[in-house]
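Worksheet: the structure to be examined is printed underneath.
The values are calculated or read from the model by the stated rules, or taken from the named source; none is laboratory data. In this text the structure is predicted, and so the values were computed from the model without any measurement. Cβ placement follows ideal geometry from the backbone for every residue including glycine, while neighbour counts extend to all protein chains displayed. Surface accessibility is based on the protein's heavy atoms, side chains included, excluding ligands, DNA and RNA. Shrake-Rupley method; radii C 1.70, N 1.55, O 1.52, S 1.80 Å.
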Amino acid sequence: MQRILQPGEIEALDRTSFPRVRLPQPATLFQERAARLEQLAEGNPIADYLRFAARVVRAQHALALKAPPAEPPSSDAVRSAGANGMPLMPVSEPLPGGWRDTLRALVAQLAADAAVPPAPRAVLARLAATDDAALDALARQVLADNLGREDLGAAPLVMAALQVEFAVRAAAVDAGMAPYTEPATICPVCGSAPVAGVLRIGGAVAGHRYLHCGVCATEWHMVRIKCSHCGSTKGVRYQGVEDAAGKVGEVVQAETCAECHTYRKVVSQEKDPYAEPLADDLASLTLDLLMGETEFSRASGNPLLAIEKPLAV
């Protein structure tokens, strides 16, 4: 009787196969993201916000360069995660010890930046004056994506600090030790939802679709034409924005699922080698607005743009 191969066994048959997990490189991650945001701002309806986001990401880059290397997870943690289909370092665990220092340094750097527009400065001042306990509570709300209206302005800045901390932690992981999580649509390192999918180019990853974590920037492989939210292969379709000539954009498209009625964007480096999942997702807000007129709801948000929605109970 033939046996069905389990996840990981197929890859093990071919030692030259593509990597299942791609870990972030904090030294270049934010620099490349900021450059892409600045590029995408040209002629964009939300150009001012994209330029502000680029300044936030450049501040992240400066902090990531100064961050000390993180300790890798223990062998016991790796074994436990693998045995239980759980992420290695879930965001639901205690917050990284230095995250508040990172946030305060980020706030101070942005406050001293003359190019930062007036509107965010009140939020920067508020965060600078917030005590540790309140910051921790806000961070947990941000990670749970459960925000009130009064916290929408602060959320992207809090997330920016957390992204630095979690990216540095993820970089210390051995990619070969990353577990197969259940469900497979959450990050194997921190357990967060992907912000978008990305079709990669170059080397062993060429032609493969990876999901890009919105928190720690880890990427993990998922086959194409499969819903990145519910895992269904039924009723998956792609939608994009038409230009003035009637041509549908191919760099960023919404992958819709008729089973769970959600969508998540797919960013193609095959169509633009400089495409960056988080930046291109944020810059394609027009596509989100158009999708809002359909039956499909967005599967997960962009960490650098907080939008009001009903609070969880």
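At a glance:
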| read-out | value |
| --- | --- |
| The range 214-282 - percent relative contact order, Cα under 8 Å, separation 6 or more | 24 percent |
| In order through the range 72-88: 3J(HN,Hα) via Karplus (6.51 cos²θ - 1.76 cosθ + 1.60), integer Hz, x for Gly, Pro | x, x, 5, 4, 5, 5, 5, 4, 5, 5, x, 6, 10, x, 10, x, 5 |
| Theoretical gain in end-to-end length, Asn84 to Arg237 [0.36 nm per residue, Cα-Cα removed] | 51.8 nm |
| Probe 1.4 Å, protein heavy atoms only - accessible area per residue of the chain in square angstrom | 49 Å² |
| Length-normalised contact order of the chain in % [C-alpha pairs under 8 Å, at least 6 apart] | 20 percent |
| Sum of -39500 (n - 2.57) over DSSP H runs of 4+, divided by residues of the chain (222 nm, nearest 500) | -11000 deg cm²/dmol |
| Order by protection proxy (mean Cβ within 10 Å, highest first), peptides 82-95, 107-120 | 82-95, 107-120 |
| Whole-Å semi-axes of the ellipsoid equivalent to the range 103-214 (Cα gyration tensor, √5λ, descending) | 31, 17, 14 |
| With every protein chain in place, the chain: carbon and sulfur % of accessible area (1.4 Å) | 56 percent |
| The range 31-100: C-alpha pair distances exceeding 16 Å, % | 65 percent |
| Residue of Val241, Val57, Val168 that the Gaussian network model of the chain assigns the largest fluctuation, springs spanning Cα pairs under 10 Å | Val241 |
| Lys/Arg +1, Asp/Glu -1 at C-beta; the range 4-148 dipole; positive extreme among Ala114, Trp99, Gln25 | Ala114 |
| Geometric extent, Cα atoms of the chain - Rg, Dmax (angstrom) | 19.3, 70 |
